[in-house]
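A.B. asks: Take a look at the following structure, please.
The values are calculated or read from the model by the stated rules, or taken from the named source; none is laboratory data. Please read these numbers as outputs of a predicted model, since none were measured by experiment. Note that each Cβ is placed from the backbone with ideal geometry, even for glycine, and that neighbours are counted across all protein chains shown. Just the protein is used for accessible areas: all its heavy atoms, side chains included, with ligands, DNA and RNA removed. Shrake-Rupley method; radii C 1.70, N 1.55, O 1.52, S 1.80 Å.
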Amino acid sequence: MTSKSPRHFLDLDRFTGATLREVLDLGRALKAGEVGADKPLAGKALAMIFEKPSTRTRVSFEVGIRQLGGEPIVLEPSGTQLGRGETVADTARVLSRYVDAIMIRTTKEEKLLELAEYASVPVINGLTDRTHPCQLMADVLTFEEHRGPITGRVVAWCGDGNNMAASWVHAAARFDFELRLATPEALRPPADVLEWAEAQSGGRVVVVPDVEKAVEGADCVVTDAWVSMGDDIGDSIRRHNLLKPYQVDARLMDKAKPDAIFMHCLPAHRGEEVTDEVIDGPQSVVWDEAENRLHAQKGILLWCLES
Ligand code: CP
Ligand code: NVA
């Protein structure tokens, strides 16, 4: 057990912009092969708890920790006592005796916070119903690779005010850019997230209900699923009806800057939030974005574990 507080990676709003830059720079240096060849996490184990499905998060963390010399251990609730009612706190205490870090993808944010409170090793948020910070680190890395510094630029979020939208709000404040949120009124990000953004000195978060206005002159257009993993499936038809006008198609992309990029965390629901023409088109950077999960997360792992 370690005696000092572990370096958790829970949400972007908990960090200064300078610290997030440090983590992002690590990811960039790892991608460029400037660091990491000496297997800096040799002998370290990462437990990964998945209470929801995943392709990118699972594979990129698993490959990432291996590339850094460490070992992943994947835990599905159905195969652990967590799935039979062992508390999150007790699971945190026990796992901390075996592994050096824990990544969790879960439903309620409270579970993530409970895990972090009782773990004596770093805890990483691999998505909750409320946020998805690892994805945003990859997204900022991708934006900057394609279009240079994100500071002062304009990003238009089109669609559901979900966990990705909330993390974009955090990112706008911390990386100091303008985020325009084009969401139906009933599907805005939580009020406390928007109030938090208003109280920050960095960035600018504006709700722009008219999706065409939101996209006008934007440097980046971004969207995500209309029905997320934490949403009630019975509510799908209402969501589809509300979100239909926010679909990112070629006509909408044309309102953005001519060199605007299109981003999506994936998985995409083609023909719903985005058309084939856009996601497969020349402005789409979604495959680079998916690749960058690997590099950004290696930066996060190193930052959490090398302190
Ligand atoms: N973007 C993302 O987190 O994808 P997965 O659900 O496949 O991990
Ligand atoms: N908003 C989506 C993101 C998936 C990576 C979900 O939570 O299902």
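A.B. asks: Tell me the accessible surface of Leu75 in square angstrom (1.4 angstrom probe, heavy atoms of protein chains only), to the nearest ten.
C.D. replies: 40
A.B. asks: Right, next: Helix 286-305 versus the longest principal axis of the chain: what angle, 0 to 90°, nearest 10, using Cα atoms?
C.D. replies: The angle comes out at about 30 degrees.
A.B. asks: Same structure, new question: Measuring from centroid to centroid over Cα atoms, what is the spacing of the range 1-57 and the range 253-274 in Å?
C.D. replies: Taking the Cα centre of each part, the range 1-57 and the range 253-274 sit 28 Å apart.
A.B. asks: Next question, about the same structure. On the accessible surface of the chain, probed at 1.4 Å, how many percent belong to carbon and sulfur atoms?
C.D. replies: Of all accessible area on the chain, carbon and sulfur atoms account for 50 percent.
A.B. asks: Mind checking which of Leu24, Cys158, Pro282 is farthest towards the positive end of the chain's charge dipole, using Cβ charges of +1 (Lys, Arg) and -1 (Asp, Glu) about the Cα centre?
C.D. replies: Leu24
A.B. asks: A follow-up question, please. Taking amide H positions as placed 1.01 Å from N in the peptide plane, with prolines and chain starts having none, which residues 5 or more places from His269, or on another chain, fall under 5 Å of its amide H?
C.D. replies: Those lying under 5 Å, H to H, from His269 are Val274.
A.B. asks: Each residue of the range 186-203 in turn: what ³J(HN,Hα) in whole Hz from Karplus with 6.51, -1.76, 1.60 and θ = phi - 60°, glycine and Pro shown as x?
C.D. replies: 6, 10, 6, x, x, 4, 5, 5, 5, 5, 4, 4, 4, 7, 8, 7, x, x
A.B. asks: Another question, if that's okay. Please give the per residue volume of the convex hull enclosing the alpha carbon atoms of the range 123-250, rounded to a whole number of Å³.
C.D. replies: 111
A.B. asks: Right, another one. For His132, tell me the accessible area in Å² from a 1.4 Å probe, rounded to the nearest 10.
C.D. replies: Ignoring ligands and nucleic acids, His132 comes out at about 10 Å².
A.B. asks: Distance between the C-alpha centers of the range 287-301 and the range 75-144? Whole Å please.
C.D. replies: Spelled out, the Cα-based centre of one part sits 18 Å from the other.
A.B. asks: Dividing the alpha-carbon Rg of the chain by 2.2 N^0.38 Å yields what?
C.D. replies: My calculation over the Cα atoms of the chain gives 0.97.
A.B. asks: Moving on. What's the extension gain from Ser236 to Asp249 if we count 0.36 nm per residue and subtract their Cα-Cα distance?
C.D. replies: Result for the pair: 2.6 nm of gain on full extension.
A.B. asks: Also, quick follow-up: Taking the range 71-152, which trypsin sites (Lys or Arg not before Pro) meet the DSSP loop condition and have no more than 16 other C-beta atoms within 10 Å?
C.D. replies: Arg97, Lys108
A.B. asks: Which whole-Hz couplings ³J(HN,Hα) result when phi for each residue of the range 167-184 is put into the Karplus expression 6.51 cos²θ - 1.76 cosθ + 1.60, θ = phi - 60°, listed in order with x for Gly and Pro?
C.D. replies: For the range 167-184, the Karplus curve yields 6, 5, 4, 4, 5, 4, 5, 7, 9, 6, 9, 8, 10, 9, 9, 9, 9, x Hz.
A.B. asks: What are the ³J(HN,Hα) values, in whole Hz, obtained from phi via the Karplus relation 6.51 cos²θ - 1.76 cosθ + 1.60 with θ = phi - 60°, for each residue of the range 112-125 in sequence order, with x given for Gly and Pro?
C.D. replies: Taking θ as phi minus 60°, the curve returns 4, 5, 5, 4, 5, 5, 9, 7, 9, 10, x, 10, 10, 7 Hz for the range 112-125.
A.B. asks: Let me ask another. Please state the shape class of the range 211-278: rounded when a/c is under 1.5, otherwise prolate if a/b exceeds b/c and oblate if not, all from the C-alpha gyration tensor.
C.D. replies: Because a/c hits 1.5 or more and a/b exceeds b/c, the range 211-278 counts as prolate.
A.B. asks: Moving on. Using amide H atoms built 1.01 Å from N in the peptide plane, name the residues 5+ places from Gly217, or on other chains, whose amide H lies under 5 Å from its own.
C.D. replies: Residues meeting the criterion, in which the H sits 1.01 Å from N, are Ala256, Lys257.
A.B. asks: Can you classify the range 188-304 as rounded, prolate or oblate using the Cα gyration tensor, where a ≥ b ≥ c are the square roots of its eigenvalues, rounded means a/c under 1.5, and otherwise it's prolate if a/b beats b/c and oblate if not?
C.D. replies: Verdict is rounded for the range 188-304.
A.B. asks: Tally Lys/Arg at +1 and Asp/Glu at -1 over every other residue whose Cβ is under 14 Å from the Cβ of Arg93; what's the total?
C.D. replies: -3
A.B. asks: Cα gyration tensor of the range 11-72, axes a ≥ b ≥ c as square roots of the eigenvalues: rounded (a/c below 1.5), prolate (a/b > b/c) or oblate?
C.D. replies: On the way: a/c = 1.91, a/b = 1.09, b/c = 1.76.
Oblate shape, in that a/c is at least 1.5 and b/c is the bigger or equal ratio.
A.B. asks: Around Leu75, which amide H atoms from residues at least 5 apart in sequence, or from another chain, sit under 5 Å from its own amide H, with H modelled in the peptide plane?
C.D. replies: Those qualifying (amide H under 5 Å, at least 5 residues apart or on another chain) are Met48, Ile49, Phe50.
A.B. asks: Ok, one more. Tell me the net charge near Glu273. Cut-off is 13 Å between Cβ atoms, Glu273 excluded, with +1 for each Lys or Arg and -1 for each Asp or Glu. Don't skip to the end; give the middle numbers.
C.D. replies: Values: positive: Arg239, Lys244, Arg270; negative: Asp160, Asp224, Asp249, Glu272, Asp276.
With Lys, Arg at +1 and Asp, Glu at -1, the neighbours total -2.
A.B. asks: Let me ask something additional. Identify the GluC sites (Glu not before Pro) of the range 136-189 meeting these criteria: DSSP loop state and at most 10 other C-beta atoms within 10 Å of the C-beta.
C.D. replies: Nothing satisfies the criteria.
A.B. asks: Oh, and also: Could you give the length gained on full extension between Arg147 and Glu76, defined as 0.36 nm per residue of separation minus the Cα-Cα distance, in nm?
C.D. replies: 21.7 nm
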